[in-house]
1. Looking at (1) within 22 Å of residue 249 (Cα to Cα); (2) in contact with a strand residue (DSSP E or B) (Cβ under 9 Å, 6 or more places away or on another chain); (3) among the polar types (S, T, N, Q), can you tell me which one residue 224 breaks?
2. Taking residue 110, is it of a type in the set (D, E, K, R), in contact with a helix residue (DSSP H, G or I) (Cβ under 8 Å, 6 or more places away or on another chain) and closer than 30 Å to residue 281 by Cβ?
3. Scanning for something in contact with a strand residue (DSSP E or B) (Cβ under 9 Å, 6 or more places away or on another chain) and either closer than 26 Å to residue 201 by Cα or at pLDDT 90 or above (or both), does the stretch 76-90 turn up at least one residue?
4. Is it the case that some residue within the stretch 43-65 is at pLDDT 90 or above, under 30 Å from residue 119 (Cα atoms) and not aromatic (Phe, Trp, Tyr)?
5. Enumerate the pairs (first residue in the stretch 272-290 and small (Gly, Ala, Ser); second residue anywhere and open to solvent by 80 Å² or more (accessible area, probe 1.4 Å)) with beta-carbon separation below 9 Å, excluding pairs fewer than 6 apart on the same chain, so at least 6 apart or on different chains.
6. Could you grab the pairs with beta carbons closer than 8 Å, sequence gap of 6+ or different chains, first residue in the stretch 236-247 and of a type in the set (D, E, K, R), second one modelled with pLDDT under 95 and surrounded by 22 or more Cβ atoms within 10 Å (Cβ to Cβ)?
7. Residue 148 - would you say it is open to solvent by 10 Å² or more (accessible area, probe 1.4 Å), within 14 Å of the chain's Cα centre (by Cα) and modelled with pLDDT of 90 or more?
Amino acid sequence: MTLRHMKIFCALCDAGCNTTKAAGHLNMTQPAVSLATKELEQYYGIVLFDRIGRRLQITSAGENFLQYARRITAQFDDMEREMRNWDSAGILRVGASLTIGSQFLPHYVKAFSHRQPGTQIQVIVSSSDTLEQALMSNQLDFALIEGISHNPAMHMEEYMEDRLSIIASPQSGFRQDQVLPLDQFCRQPFLLREPGSGTREVFDRAAEAVDIYIRPIWESSSNTALIHAVVNGLGLAVLPQRMVQGALERGLVVSIGAEGIDLRRSFYIIHHKDKYLTPTVRAFLDLCRTYRMEEPLPQAP
């Protein structure tokens, strides 16, 4: 059993247990992929896939082996990248959820580039769920997210506090700082971020804490789209306070409350527990922990 066997196995799982797709991604023949899988099963004396008809389905033993294989191949890739870039600053692969990616990460990257100009910084801005998947497959070194990671393979560290705001259109009869009773709050049309986003998770958790369930009429991955929808009187939105500040100052929306709803939250640094953090990664994370904004944040809309 070799590292090659583990990489083939991971690629097969990433391809949805489709041997043809895995072979294409690996530039191998389909029989070679099948042979490597059989050699693994023979080596350990276990069944990694159930072969039902012409389709493969991973077994519980296969799921367990996949966790080890991902961890081992990720550490090997880290070693390769680190050793080959030993005499240079190397590449930093950063992930950020949408609010952090639009409001904070550009400042972090700019400040860090001044400190270490030789570092190439690659960024992915996406939902928290997508970033966790990228961390699991070692496509990112770490991520900055708005919600809580529920993946036991992740190390999570709180690094900054924040809060969400409930915004409404003043044209719909709402007043600044108005507090709605829960029964009235529940009857409003809601415009929310998509499931899997940190913002949505914080709101859903806050609603659950007061025993209410909100079914939105709109879902969007765009904070700006939701703000414009509120401005046009389509309902209430729950968004990061920093993202709505511009609309509040211009009187386009008002910020309201709801009885018992706590929308305080934290931002988190997450990375795989087995991830080796290079000195460059550690330096960037230290900057995130201590950074203070020295210029106004851009506002929307």
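1. (2)
2. Working: of a type in the set (D, E, K, R): yes; in contact with a helix residue (DSSP H, G or I) (Cβ under 8 Å, 6 or more places away or on another chain): no; closer than 30 Å to residue 281 by Cβ: yes.
When the stated conditions are applied, residue 110 does not pass them.
3. No, every residue in the stretch 76-90 fails to be in contact with a strand residue (DSSP E or B) (Cβ under 9 Å, 6 or more places away or on another chain) and either closer than 26 Å to residue 201 by Cα or at pLDDT 90 or above (or both).
4. Checking the stretch 43-65: not a single residue is at pLDDT 90 or above, under 30 Å from residue 119 (Cα atoms) and not aromatic (Phe, Trp, Tyr).
5. From the stretch 272-290, the pairs are 283/115.
6. Close Cβ pairs satisfying both conditions: 242/99.
7. Numbers: open to solvent by 10 Å² or more (accessible area, probe 1.4 Å): yes; within 14 Å of the chain's Cα centre (by Cα): yes; modelled with pLDDT of 90 or more: no.
It is false that residue 148 is open to solvent by 10 Å² or more (accessible area, probe 1.4 Å), within 14 Å of the chain's Cα centre (by Cα) and modelled with pLDDT of 90 or more.
Matching residues to (1) under 30 Å from residue 90 (Cα atoms); (2) over 28 Å from the mean Cα position of the chain (by Cα); (3) of a type outside the set (S, T, N, Q):
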{"position": "196", "(1), (2), (3)": "no, no, yes"}
{"position": "209", "(1), (2), (3)": "no, no, yes"}
{"position": "212", "(1), (2), (3)": "no, no, yes"}
{"position": "218", "(1), (2), (3)": "no, no, yes"}
{"position": "225", "(1), (2), (3)": "no, no, yes"}
{"position": "238", "(1), (2), (3)": "no, no, yes"}
{"position": "252", "(1), (2), (3)": "no, yes, yes"}
{"position": "259", "(1), (2), (3)": "no, yes, yes"}
{"position": "279", "(1), (2), (3)": "yes, no, yes"}
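The values are calculated or read from the model by the stated rules, or taken from the named source; none is laboratory data. The shown structure was predicted, so the numbers you read here are calculated from the model rather than taken from an experiment. Glycine also receives a Cβ, built like all others from the backbone with ideal geometry; neighbour counts cover every protein chain displayed. Only protein heavy atoms, including side chains, enter the accessible area calculation; ligands, DNA and RNA are left aside. Shrake-Rupley method; radii C 1.70, N 1.55, O 1.52, S 1.80 Å.
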